[in-house]
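Report on the following structure.
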Amino acid sequence: MIDLRNIAQQLRLPAEQLRIAADLLEQGYQPAFIARYRADEAGHLPNSVLWSLKFAIRREKHLTKARNEAVAHLGEGVELDDEAKERIERARSIVDIDVTMRCFRARRAARQSGERSGQASQLLEKMISASTRIDDMTAWVAEQLAIEPATSEAVVGQCTRLIAT
């Protein structure tokens, strides 16, 4: 059964008033039939409201299916973080779900990339928090990471790739 609270808010009607009509629609009855032959039971809702209810129920079912599929496609052992779970639950369209999943995958890839390139991610954090202007990048990197100046150029290159990621 669909949660009618969101649909009731969209239609600006009490959820209790929609419950019986929603049950009839989910059983396969069409809005015109309900408006004509089951009007007493459905609270004399106008035909236009019944059609809106039917489309809203269909939309909610599609969203629920898309949410479940998005989580199922994550793979074994991969779990959504709290922010992604919340955004998927609040999503009002399939596009919102897709965008949330892309952002989640990008954050996860960036985190994994940062873990693989340890010094580059450390350097990136130091560059972000640097309060002064950096004139000689190679010397500054060597000083910040306590490494040789020759190695610092390689780390700057890794940092550039990390930023692109």
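Here the contact order of the stretch 11-117, divided by its residue count and restricted to Cα pairs under 8 Å and six or more residues apart, works out to 19 percent. The string of couplings for the stretch 10-19 from the Karplus curve (6.51, -1.76, 1.60, θ = phi - 60°) is 5, 8, 6, 10, x, 4, 4, 5, 8, 4 Hz, one whole number per residue in order, with x for Gly and Pro. What is the calculated FRET efficiency for residue 161 to residue 79, with r their C-beta to C-beta distance and R₀ = 30 Å, to the nearest 0.05? Result of the calculation: an efficiency of 0.65. Taking the protein heavy atoms of the chain in the context of the full set of protein chains, the accessible area attributed to carbon and sulfur is 50 percent at 1.4 Å.
Working note: Karplus 6.51/-1.76/1.60 with θ = phi - 60° gives the stretch 151-163 the couplings 6, 5, 5, 5, 5, 5, x, 4, 5, 4, 5, 5, 5 Hz, where Gly and Pro are set to x. Full extension of the chain segment joining residue 38 with residue 108 gains 20.0 nm, where the gain is 0.36 nm per residue of separation less the Cα-Cα distance.
The Cα atoms of the stretch 84-165 define a convex hull whose projected area, averaged across directions, is 6.7 nm². Sequentially through the stretch 62-73, phi angles give Karplus couplings (6.51, -1.76, 1.60; θ = phi - 60°) of 5, 5, 4, 4, 5, 4, 5, 5, 4, 5, 5, 7 Hz, Gly and Pro residues having no value and appearing as x.
Average projection, convex hull of the Cα set of the stretch 1-53: 3.1 square nanometres. Computing Rg and Dmax of the Cα atoms in Å for the structure here picks out one of (i) 26.9, 85; (ii) 14.5, 46; (iii) 16.5, 51, namely (i).
Each stretch of four or more DSSP H residues adds -39500 (n - 2.57); spread over every residue of the chain, this sum gives -23500 deg cm²/dmol at 222 nm.
The values are calculated or read from the model by the stated rules, or taken from the named source; none is laboratory data. This one's a predicted model, so the numbers in the text were calculated from it and none came from an experiment. Note that we place each Cβ from the backbone using ideal geometry, even for glycine, and neighbour counts take in every protein chain shown. Only protein heavy atoms, including side chains, enter the accessible area calculation; ligands, DNA and RNA are left aside. Shrake-Rupley method; radii C 1.70, N 1.55, O 1.52, S 1.80 Å.
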